[in-house]
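Participant: One structure coming up, written as structure tokens, with questions to follow.
The values are calculated or read from the model by the stated rules, or taken from the named source; none is laboratory data. These numbers come from a predicted model, not from an experiment. Counting neighbours? That spans all protein chains shown, and the Cβs are built from the backbone with ideal geometry, glycine included.
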Amino acid sequence: MDEISKVVRDYIIREYAQEGDDREITETTPLISSGLVDSFSMVSLLRFLEKTYEIHIPDAAATPEAFDTVERIVALVRRFQKAEVGFV
Amino acid sequence: MRAPPSYEELTANFDWNVAERELGYRPKDPVNIAWMCSDRICQLGLSNKLALLWEDYQGNEKRFTYDDIRILSNTIAQFLCGQGIQPGERVCLFLDRVPELYIGFLGILKMGAVAQPLFSAFGDESLRVRLADAGTSAILTQKKHLYKVRKIRDRLPHLQHIIVVDADATSLQEREIAFAMELAPRVEHFFVYPTTAESPSVLHYTSGTTGQPKGAQHVHYSIIAQYLTAKWVLDLQAEDIYWCNADPGWVTGTSYGIIGPWSNGITQVVLDSGFNAGRWYEFIKKYGVTVWYSAPTAIRLLMKEGAEIAQKHDLSSLRHLASVGEPLNPEAVLWSQELFGKPFHDTFWQTETGCIVITNFPGMPIKPGSMGKPFPGITATVLDPKDFEPVNRAGVAGLIALRPGWPSQIRGYWNNQAGYEAKFKNGWYLCGDRASLDADGYFWFMGRDDDVINTGGHLVGPFEIESALLGCRAVAESAAVAKPDPVNMEVVKAYVTLKGGFQPSDDLELEIMNNIRKRLSPLAMPQEIEFVSSLPKTRSGKIVRRILRCKEFNEPVGDLSTIMED
């Protein structure tokens, strides 16, 4: 697991996983469709990513599909990290 | 074959006793919603018909016939009686959309108690406030939500029974008891408590501008309206497969996610899953959903994901589409027409009305963006806010008002009769929303008439959020207002002043957002926090939210002289 994956996964476990919820969260665990993170809570997750990685993720890209797993979130972060430095 | 009666025909000859006759109810007889939705359907010869097809996000499926829900609701009712719970006591359902939620709802009503469904995403403080107000004596919950109950139970002296539907007894503490619905001995016969028309049935909490949320008190007679509106507006027919997206923690999920379909003997499907466009379309295709009752926020999320995902699935089973929660924008109606070949029919109602009151009736021409017309038997108008007389002029904005007396009108707010009485003016019930009427009698929604925030179809009260904000370590003062949002119609925005020693920062904003999300709910979490040096106040120091709301909506503030003198 790379550094971004680890940071995102740890944040989700810390902020969103409930105390009694014994589901394991891996890079491919559904987050939105499992109800672990709902579409309203996505906003605080988005804010965390933008703050931590100093990127801007536009609304059009911040879809429930794009946030549904740690793996997809990491891909989203990478995409906009590149955008910030002018690769895209 | 004779065409079904038109809206005009039904309106001209309408009497609620149509529903009474069809349900076999005679005035003054006992009436129990749960019996009507299970035992009665079995007596009609539909014991083996599927009542509930349930699936979770992992694709695990369960099926329950009408006989299953009759027996399992008996089983739950008997279990509750065995715990010493008495008729009239409030029993909370704090569950995800698992079968125990739907069947437990019937079980509570069968033994004469009052069902108090609460959204399982509520945090401990939202839960505590509602359980304390209702004096709730029992709660049905899941292991995953138990930690929230444990945090607050010492402050809830009435809460004597914490029933966990998926735990083994060894992991439980004092006052907690395990109950596995499907493993418990099935109770074939249960003496259904003889509730009458005016017996309390369901207590749903709803938010207002001032004070904490209010418990809207429904009665068993509400089924008359919920049955008929489900049949006529949602156009439910014997062979339909019906899907209501709403969570029974909110009124749509009970009126039209339990009572409406089951009193009509319909097969309904439930997907216990968060939003996922592909998964939703697959679900419609898999079960051949014919009638879909959804919400504008969900529809706009589907629009945002694009048409390509939808086009990968055969959605031709869909026959009738309806929507509730907030105004359905014209673009969504047109999108639906293009994608599904049929429009979403917008419906308007609220916790206090218990049933759909203004609607785009099947067969009636739809004007995209309009709320439609009053349901037959409902007298609705738009009142002048100055004298509370009907406006009677097309295109002039006023307050949406209803003549009291329809069957599912709430009978009061729990512990707050004054608050209930304040909702009536000049013999009209005021919904708290503004609209105009056009020359054809269609209603056009304009917005709330108060500070309540309608986000994703749910009403959130600013007072509850502001109280929670004041519990954050850095917050000195706060004001929560609505902010326009393309998907959710409105979202919560908080204006905050900080205590000495704290500076605005991204970290602090995120800390406050997460704090509110966990203590109240994701819906109540401010999606934006603006740190300010002071808040607009009246002469007596009351915060004037209206100024901040108008700023968000880019609207003129208007004359504030009276308010500022307050």
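Yes/no matrix, rows are residues, columns are (1) surrounded by fewer than 22 Cβ atoms within 10 Å (Cβ to Cβ); (2) of a type in the set (Lys, Arg); (3) closer than 19 Å to B:ARG63 by Cα; (4) within 14 Å of chain A (Cβ to nearest Cβ):
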site: B:VAL251; (1), (2), (3), (4): no, no, no, no
site: B:PRO261; (1), (2), (3), (4): no, no, yes, no
site: B:ASN264; (1), (2), (3), (4): no, no, yes, no
site: B:THR267; (1), (2), (3), (4): no, no, yes, no
site: B:PHE275; (1), (2), (3), (4): no, no, no, yes
site: B:TRP280; (1), (2), (3), (4): no, no, yes, yes
site: B:TYR287; (1), (2), (3), (4): yes, no, yes, no
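Participant: Can you find a residue in region B:171-189 that is of a type in the set (Asp, Glu), out of contact with any helix residue (DSSP H, G or I) (no Cβ under 7 Å at 6 or more places or on another chain) and surrounded by fewer than 16 Cβ atoms within 10 Å (Cβ to Cβ)? Don't jump to the end; show me each part of the working.
Facilitator: Within region B:171-189, the subset of a type in the set (Asp, Glu) is B:174, B:176, B:182, B:188.
Narrowing the set further to residues that are out of contact with any helix residue (DSSP H, G or I) (no Cβ under 7 Å at 6 or more places or on another chain) leaves B:174, B:176, B:182.
From what's left, surrounded by fewer than 16 Cβ atoms within 10 Å (Cβ to Cβ): B:174, B:182.
Scanning region B:171-189, I find at least one residue that is of a type in the set (Asp, Glu), out of contact with any helix residue (DSSP H, G or I) (no Cβ under 7 Å at 6 or more places or on another chain) and surrounded by fewer than 16 Cβ atoms within 10 Å (Cβ to Cβ), so the answer is yes.
Participant: Do any residues in region B:382-394 that are free of Cβ contacts under 8 Å to residues at least 40 places away in the same chain and part of a loop (DSSP other than H, G, I, E, B) have Cβ atoms under 6 Å from those of residues that are surrounded by 15 or more Cβ atoms within 10 Å (Cβ to Cβ) and among the β-branched types (Val, Ile, Thr), where the two are at least six apart or on different chains, and which pairs are they?
Facilitator: B:ASP384/B:VAL391
Participant: Moving on. What is the number of the single condition among (1) more than 22 Å from B:ALA524 (Cβ to Cβ); (2) within 14 Å of chain A (Cβ to nearest Cβ) that B:ALA113 does not meet?
Facilitator: (2) is the only condition that B:ALA113 fails.
Participant: In region B:125-224, which strands (runs of 3 or more DSSP E) lie fully inside it and hold 1 or more residues that are under 20 Å from B:ASN32 (Cβ atoms) and more than 14 Å from chain A (Cβ to nearest Cβ)?
Facilitator: On the way: elements: B:138-141, B:161-164, B:176-178, B:200-206, B:214-219.
Answer list for region B:125-224: B:138-141, B:200-206, B:214-219.
Participant: Something else about it: I'd like the residue in region B:58-88 that is part of a loop (DSSP other than H, G, I, E, B) and in contact with a strand residue (DSSP E or B) (Cβ under 7 Å, 6 or more places away or on another chain) and, out of all such residues, is farthest from B:LYS148 (Cα to Cα).
Facilitator: Initial filter on region B:58-88 (part of a loop (DSSP other than H, G, I, E, B)): B:58-60, B:83-88.
Those still in the list that are in contact with a strand residue (DSSP E or B) (Cβ under 7 Å, 6 or more places away or on another chain) too: B:83, B:85, B:88.
Values: B:GLN83: 22, B:ILE85: 22, B:GLY88: 25 Å.
Checked region B:58-88; the qualifying residue farthest from B:LYS148 (Cα to Cα) is B:GLY88.
Participant: Continuing with the same structure: Which ones in region B:221-235 are of a type outside the set (Val, Ile, Thr) and surrounded by 24 or more Cβ atoms within 10 Å (Cβ to Cβ)?
Facilitator: Step one: filter region B:221-235 for residues of a type outside the set (Val, Ile, Thr), giving B:221-222, B:225-228, B:230-232, B:234-235.
Passing the criteria: B:TYR221, B:SER222, B:ALA225, B:GLN226, B:TYR227, B:LEU228, B:ALA230, B:LEU234.
Participant: Within region A:8-28, can you find the residues that are modelled with pLDDT under 90, buried (at least 16 other Cβ atoms within 10 Å of the Cβ) and away from chain B (no Cβ under 12 Å)?
Facilitator: If the condition is that a residue be modelled with pLDDT under 90, buried (at least 16 other Cβ atoms within 10 Å of the Cβ) and away from chain B (no Cβ under 12 Å), then A:ILE25 is the only one that fits.
Participant: I'm trying to understand the selection: among the residues of region B:480-494, which are among the small types (Gly, Ala, Ser) and either in contact (Cβ under 8 Å) with a residue 60 or more places away in the chain or farther than 15 Å from B:GLU530 by Cβ (or both)? Please lay out each step first, then the result.
Facilitator: Our first condition is that a residue be among the small types (Gly, Ala, Ser); within region B:480-494, this holds for B:480, B:482, B:494.
Residues satisfying the conditions are B:ALA480, B:ALA482.
Participant: A follow-up question, please. Only one of (1) facing chain B (nearest Cβ under 7 Å); (2) more than 21 Å from B:MET489 (Cα to Cα) is not met by A:TYR53, so which one is it?
Facilitator: Every condition holds for A:TYR53 apart from (1).
Participant: Name the residue that is farthest from the chain's Cα centre (by Cα), counting only residues in region B:388-438 that are within 15 Å of B:THR206 (Cα to Cα) and of a type in the set (Ser, Thr, Tyr).
Facilitator: Among those residues, the one meeting the criterion is B:TYR420.
Participant: Moving on. Which of the following residues is at pLDDT below 95 and more than 15 Å from B:GLU182 (Cβ to Cβ): B:GLN58, B:GLN86? Reasoning before the result, please.
Facilitator: Working: B:GLN86 fails: at pLDDT below 95.
Within the list B:GLN58, B:GLN86, the selection yields B:GLN58.
Participant: Here is a further query. Of the residues B:LEU183, B:LEU203, B:LEU172, B:LEU159, which single one is under 25 Å from B:GLU326 (Cβ atoms), aliphatic (A, V, I, L, M) and either over 25 Å from the mean Cα position of the chain (by Cα) or at pLDDT 95 or above (or both)? Explain how you work it out, then say what you get.
Facilitator: Details: B:LEU183 fails: under 25 Å from B:GLU326 (Cβ atoms); B:LEU172 fails: under 25 Å from B:GLU326 (Cβ atoms); B:LEU159 fails: under 25 Å from B:GLU326 (Cβ atoms).
Being under 25 Å from B:GLU326 (Cβ atoms), aliphatic (A, V, I, L, M) and either over 25 Å from the mean Cα position of the chain (by Cα) or at pLDDT 95 or above (or both) holds for just one of B:LEU183, B:LEU203, B:LEU172, B:LEU159, which is B:LEU203.
Participant: All but one of (1) among the acidic types (Asp, Glu); (2) buried (at least 18 other Cβ atoms within 10 Å of the Cβ); (3) more than 7 Å from every other protein chain (Cβ to nearest Cβ) hold for A:ASP68, so report the exception by its number.
Facilitator: (3)
Participant: Name the pairs whose Cβ atoms lie under 7 Å apart, with the first residue in region B:501-518 and within 16 Å of A:PHE40 (Cα to Cα) and within 11 Å of another protein chain (Cβ to nearest Cβ), the second hydroxyl-bearing (Ser, Thr, Tyr) and in a helix (DSSP H, G or I), and 6 or more positions between them or separate chains?
Facilitator: Listed by first residue and then by second, the contacts come to B:LEU510/A:SER44; B:MET513/A:SER44; B:ASN514/A:SER44; B:ARG517/A:SER44.
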